[in-house]
Amino acid sequence: METEVKERNVEESRGNKRFTETPPDDDCCPICFGSFTVPCRSNCGHWYCGSCILQFWNYSSASMPCKCPMCACKIVNLMPEASLQQQEDQEVTQVLKSVQRYNLLFVGGTLGYIQKLRQLPFFMKKIFQGLMDPDANDTYIAEMRLFAMVLSIIYRATPFDFLPTGGVGIGRVFDFAAITLVLILRLVGIYRRRRLMRRVRQVATVELLQEGT
């Protein structure tokens, strides 16, 4: 077992040597197409602005690693350029902290689960924002049903028994509630989007009338 771990570490170290420690001078961020700001290298070897790749991840599933926009590989580790650690700029420091938090979320094993539990409010906020976004590809039904299952387990472990189950079981009750909540939030998001578009059309019409007069 120890031999396999050592061989794996050697292979990873050899693989890391194939990657450059700094982004190419003649290259640009594939997301913003600008010069690199807080450059970070993914585990697949592609360079991005730290804020760009984190923002790209914000539009994907909250509980899953970001997929590399270049090769679709799962990004489980972002490595900032070494020289950034010596900078004291507040914006750079904030991005580096966000990168470190991202890396801890997907480090795997016990540490990864502990970090996800610590970031549960962040995950829930991101999930609810995604549920109310009509353009989101992920419906988060799996995450919400998992959360409902955890709540049902906690409910069973407590002495409380105030929820009517109607003979279907508390697990089914929480599961149906989670699916209903997903549908309601998606409908609320669609309604808000329509109100916003209506407001935009009204403002555009008023501006056209003002220009005509």
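In the assembled protein chains, MET64 presents an accessible area of approximately 80 Å² (probe radius 1.4 Å).
Note on THR180: accessible area is roughly 70 Å² with a 1.4 Å probe, heavy atoms of protein only.
TYR191 exposes around 140 Å² of accessible area when a 1.4 Å probe is run over every protein chain in place.
The values are calculated or read from the model by the stated rules, or taken from the named source; none is laboratory data. Owing to the predicted nature of the structure, the values given are computational and were not obtained by experimental measurement. SASA here: full protein model, heavy atoms, side chains in, ligands and nucleic acids out. Shrake-Rupley method; radii C 1.70, N 1.55, O 1.52, S 1.80 Å.
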